[in-house]
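> Here it is: the structure, laid out below.
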Amino acid sequence: MPAIQKEDFIQSIADGFQFISYYHPLDYVQAVARAYEKEENPAAKDAIAQILTNSRMCAEGHRPICQDTGMAVVFLEIGQDVRWDTDTTIEEMVNEGVRRAYTQFDDNLLRASILVDPAGSRKNSGDNAPAIIHYEMVAGDKVDVTVAAKGGGSENKAKLAMLNPSDDIVEWVLKTVPTLGAGWCPPGVLGVGVGGTPEKAMYLAKKSLMAPVDIQDLIERGPNSTAEELRLELFEKVNALGIGAQGLGGLTTVVDVKVLDAPTHAASKPVGLAPNCAANRHVHFTLDGTGPAELTPPPLSAWPDIGWKPSSEAKSVDLSTLTKEEVASWKLGDRILLNGKILTGRDAAHKRIQTLYESGEGLPEGVDFTDRVIYYVGPVDPVGDEAVGPAGPTTATRMDKFTEMMLEKTGLVAMIGKAERGPVALEAIKKHQAAYLMATGGAAYLISKAIRSSRVVAFDELGMEAIYEFEVENMPVTVAVDSSGESVHKIAPAIWRKKIGKLPEPA
Ligand code: SF4
């Protein structure tokens with residue numbers, strides 16, 4: 001076999017990451033379309049419709065499915081007889097491919113999310129490198145490559161348990177999944193790794209997510225192994241938890257469960273759990289020395305024609321006249337279309353604001369949150385005539401510890417994010433008669449179309465974490481926590497678990 005050329009390898013990695021930034025795997029699209037047809041909860045059905053519409057728009061427009069364009073993860077199976085035409089290491093070539101993918105495609109710039117010195121300065125590497133690379137040596141003279149882009153929201157929900165040999169895996173998964181909340185943007189896929197050592201179980205859980213969604217085939221043909229029996233049982237029971245799309249309650253939380261296992265020690269039963277979110281992004285290709293990978297674009301006709309539009313029941317809110325009293329009148333589950341100006345901010349901006357208050361300085365010049373709404377977002381940079389690149393919500397739970405300060409000191413009246421709020425945020429929202437609004441995680445390109453203009457108002461040096469002012473038109477959100485502190489994420493999954501009726505009430 002001819003040697004693999006350095007340039008072919010680098011370009012294939014770059015093309016792979018570009019490809020998955022805007023093409024969902026079709027097996028995932030089809031599974032989500034099935035979930036859409038089946039869904040009985042209108043709120044969850046609406047969220048799934050947004051995810052599918054966003055998916056099709058991204059495939060059409062070649063722009064990222066999610067504003068979090070992910071950490072680059074590369075699985076390599078390298079044939080022992082493979083020859084390379086270069087002395088450059090595989091690690092260097094992969095990282096060069098990642099740099100190229102994230103920074104050198106001018107019509108589809110991707111967001112650089114990787115920070116170096118994670119326990120210290122947390123400085124952005126600027127090009128999304130380095131990647132996480134998993135190597136396996138196999139027989140043969142080819143290189144099998146799988147590239148995946150994993151968002152922080154779903155990665156943050158990964159879990160590992162060192163169970164006792166007599167412990168029940170299903171019981172542990174069913175106890176654990178509700179604790180993940182909705183920050184992993186369901187509907188997605190759960191990867192489960194069983195056996196080996198702790199790090200092996202986590203690796204297997206992650207690797208299992210790279211296989212196609214095929215649970216319906218398994219249901220039809222029946223299981224042939226313990227791992228397949230476990231997949232079927234977990235698929236049914238995790239969905240019976242009633243968590244639903246975006247944690248809004250409903251019939252589909254996962255469109256598949258994957259299980260990989262490995263031999264383990266007699267004293268051990270390691271179990272790794274890795275969720276894959278609505279931005280399910282991976283592609284596989286093989287290099288044999290005859291040139292770069294050729295990735296075939298899926299036909300647009302493969303996407304269901306859902307064409308999501310805002311609900312006719314949604315009420316329009318004029319942000320220029322918003323008052324605390326109006327916010328306090330919003331009810332849980334209300335669908336709202338926001339019109340006017342909102343401010344943005346996420347982890348780093350909140351931390352800066354807190355430090356400024358602690359030092360007695362107050363907010364930076366030009367920043368005024370009085371009677372305003374903040375959107376937790378870190379957008380992708382715009383290209384062409386876009387006001388902003390894909391700009392979906394980030395996990396609100398991370399801002400919980402700043403919520404009391406923001407509501408108490410800045411005059412803020414509402415927040416927009418994704419996933420549930422924790423007890424301290426709920427308490428602060430109730431105390432200040434504020435509200436938390438939810439946008440759909442994994443619908444970033446669709447949401448960005450509601451943003452008409454964007455300007456940085458503070459902390460420019462924080463890049464995507466700066467405070468921006470967005471002018472929005474009919475931006476769709478749902479009241480997820482109202483001024484009484486009631487939370488849709490607490491109430492709805494419990495209702496749907498009961499309706500589905502396959503699991504006992506939690507103790
Ligand atoms: S879909 Fe949700 S969890 Fe996935 S990358 Fe986007 S924001 Fe993160």
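> Output the peptides 97-110, 255-268 sorted from most to least packed, where packing is the average of other Cβ atoms within 10 Å over each peptide's residues.
The packing order, highest mean first, is 97-110, 255-268.
> What's the center-to-center distance, using Cα atoms, between region 1-54 and region 219-296 in Å?
Their Cα centres are 15 Å away from one another.
> Could you pull the Cα extents of region 463-503 along its three principal axes, largest to smallest, in whole Å?
46, 25, 20
> Here's something else I'd like to know. Taking 20 Å as the cut-off for C-alpha to C-alpha distance, list the pairs among LYS200/LYS258; LYS237/LYS331; LYS331/LYS418; LYS123/LYS207; LYS159/LYS200 that go past it.
Table pairs above 20 Å Cα-Cα are LYS237/LYS331; LYS123/LYS207.
> Using per-residue counts of other Cβ atoms within 10 Å, averaged over each peptide, order 462-473, 331-342, 493-504 from highest down.
Descending mean neighbour count gives 462-473, 331-342, 493-504.
> Here's another thing I want to ask about it. Please list the radius of gyration and Dmax for region 152-278, considering alpha-carbon atoms only, with Å as the unit.
Answer for region 152-278, Rg first and Dmax second: 13.5, 41 Å.
> Pairs of Cα atoms under 8 Å, at least six residues apart: use those to get the relative contact order of the chain, whole percent.
Details: 1227 pairs, mean separation 98.0, N = 507.
So the answer I get is 19 percent.
> Calculate the radius of gyration of the Cα atoms of region 315-492 to one decimal place, then report Dmax, the largest Cα-Cα distance, as a whole number, both in Å.
14.9, 44
> Do the alpha carbons of any pairs in LYS38/LYS502; LYS269/LYS490; LYS45/LYS498; LYS206/LYS449 sit beyond 23 Å of each other, and which pairs?
The pairs that break the limit, which is 23 Å between Cα atoms, are LYS269/LYS490; LYS206/LYS449.
> Could you please tell me the mean projected area of the C-alpha convex hull for the chain, averaged over all directions and given in square nanometres to one decimal?
Working: hull surface 98.4 nm².
That works out to 24.6 nm².
> Sequence neighbours fewer than 8 away in the same chain don't count; with that in mind, list the lysines whose C-alpha is under 21 Å from LYS324.
LYS324 reaches LYS315, LYS341, LYS409, LYS430, LYS431.
> Further, regarding this structure: Along its principal axes, what span do the Cα atoms of region 205-311 show, with the longest given first and each in whole Å?
Computed over the Cα atoms, the extents are 51, 50, 26 Å.
> Spelling out what I want: for every residue of region 133-145, take phi, set θ = phi - 60°, compute 6.51 cos²θ - 1.76 cosθ + 1.60 (Karplus), and round to whole Hz; glycine and proline get x.
So the Karplus estimates, Gly and Pro as x, are 10, 10, 10, 9, 9, 10, 5, x, 10, 10, 10, 9, 10 Hz.
> Pull out the extension gain between SER359 and GLU233, defined as 0.36 nm times the separation in residues minus the alpha carbon to alpha carbon distance; nm, one decimal.
My answer for the length gained is 39.9 nm.
> Now, a different point. To the nearest Å, what is the center-to-center distance of region 458-486 and region 179-196, using C-alpha atoms only?
What the calculation gives is 27 Å, centre to centre.
> Could you give the length gained by full extension between LYS490 and GLU427, i.e. 0.36 nm per residue of separation minus their alpha carbon distance, to one decimal place?
21.3 nm
> Once the Cβ-Cβ distance between ALA3 and LEU26 is put in as r, and R0 is 25 Å, what FRET efficiency do you end up with, to the nearest 0.05?
For R0 = 25 Å, the calculated efficiency reads 0.15.
> Please state the relative contact order of region 152-278 as a whole percent: Cα pairs under 8 Å, 6+ residues apart? Let's see the in-between values first.
Details: 274 pairs, mean separation 58.9, N = 127.
It comes to 46 percent, rounded to a whole number.
> By how many nm would the segment from HIS134 to GLU60 lengthen if fully extended, with 0.36 nm per residue of separation less the alpha-carbon distance? Walk me through the intermediate numbers first.
On the way: separation 74, 0.36 × 74 = 26.64 nm, distance 3.16 nm.
Stretched out fully, the HIS134 to GLU60 stretch lengthens by 23.5 nm.
> Pairs of alpha-carbon atoms within less than 8 angstrom and 6+ residues apart define the contacts here; what relative contact order does region 94-152 have, in percent?
Working: 49 pairs, mean separation 17.3, N = 59.
For region 94-152, the relative contact order is 29 percent.
> Another question, then. Could you tell me the center-to-center distance, by alpha carbons, between region 412-434 and region 134-152 in angstrom?
Distance between centres, Cα-based: 42 Å.
> For region 409-507, count the residues as N, evaluate 2.2 N^0.38 Å, and divide the Cα radius of gyration by that value, please.
1.34
> Just need the Rg to Rh number for region 282-341, please, alpha carbons only, Kirkwood Rh.
Using Cα coordinates only, the ratio equals 1.37.
> Is it possible to state the helix-based mean residue ellipticity at 222 nm for the chain, with each DSSP H run of 4+ residues giving -39500 (n - 2.57), the sum divided by total residues, to the nearest 500 deg cm²/dmol? What is it? Please list the in-between numbers first.
Working: 15 runs with 160 residues, N = 507.
Calculated at 222 nm, the ellipticity per residue is -9500 deg cm²/dmol.
> Give me SER125, SER301, SER448 sorted ascending by neighbouring Cβ count inside 10 Å, so fewest comes first. Working shown, then result.
Numbers: SER125 17, SER301 7, SER448 27.
Exposure proxy ranking, most exposed first: SER301, SER125, SER448.
> Here is a further query. Over every pair of different alpha-carbon atoms in region 90-151, take the mean of 1/r and invert it; report that Kirkwood radius in Å.
Taking every pair of different Cα atoms in region 90-151, averaging 1/r and inverting gives 13.3 Å.
> Which cysteines in the chain lack any other cysteine whose Cβ sits under 4.7 Å from their own Cβ?
If one checks each Cβ against the other cysteines of the chain, CYS58, CYS66 turn up with nothing under 4.7 Å.
> How would you order 224-232, 403-411 from highest to lowest mean count of nearby Cβ atoms within 10 Å?
The packing order, highest mean first, is 403-411, 224-232.
Only the coordinates and a few stated rules stand behind these numbers; no lab work does. Nothing here was measured: the structure is a model prediction, and the numbers come from that model. Note that we place each Cβ from the backbone using ideal geometry, even for glycine, and neighbour counts take in every protein chain shown.
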